[in-house]
């Protein structure tokens, strides 16, 4: 069973584009890689954590309604930023924790793609510590 529904994947991609702007312009292959990376990370977690994350995404979408009169994914970029900044320091620890988890997954989904490493100037060494020990 996939960790998220199609609707929640689409919402996650929307939010990820706000958190990691480069994720907003990924092509279809990049989005597929992003979903595969995040899907694997979520699948490795207990089903209860997957459900909590899905619930958080749904809650996050609708938290904007009382303040802005629209769900998160229909807000202007400026208002989306206001909502993200509020979640960053939300008064409830569960909201803060959910947002920090979402943020970590957004960065993981983008920067975990080997194809974007050159744009990040990330050049890992897969030979261990040869620079240290020659």
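Spin-label point model (7 Å from Cα, Cβ direction): what's the residue 123 to residue 29 distance in nm?
2.3 nm
Restricting to DSSP H runs of at least four residues, report the calculated mean residue ellipticity at 222 nm for the chain, -39500 (n - 2.57) per run over all residues, nearest 500 deg cm²/dmol.
-21500 deg cm²/dmol
Using a Gaussian network model of the chain with C-alpha springs under 10 Å, which one of 104, 78, 36 is most mobile by mean-square fluctuation?
The residue that fluctuates most here is 78.
Quick one: angle between helix 28-43 and the longest Cα principal axis of the chain, in degrees between 0 and 90, rounded to 10, please.
Helix 28-43 sits roughly 80 degrees off the main axis of the chain.
Gain in length, residue 7 to residue 67, computed as 0.36 nm per residue apart minus the alpha-carbon separation, to one decimal in nm?
19.3 nm
Could you give the nm distance between label points at residue 78 and residue 45, where each point is 7 Å from its Cα heading toward the beta carbon?
3.3 nm
Give the Rg/Rh ratio for the chain, taking Rg as the radius of gyration of the Cα atoms and Rh as the Kirkwood radius, to two decimals.
1.03
Go ahead and set up a Gaussian network model of the chain, Cα springs under 10 Å, then flag whichever of 61, 33, 45 fluctuates most.
Judging by the Gaussian network model, the answer is 45.
Every number here is computed from the coordinates shown, using simple stated rules; none is lab data. Computed from a predicted model, the values in this text were never measured in an experiment. Every residue, glycine as well, gets a Cβ built from its backbone with ideal geometry; the counts of neighbours run over all protein chains shown.
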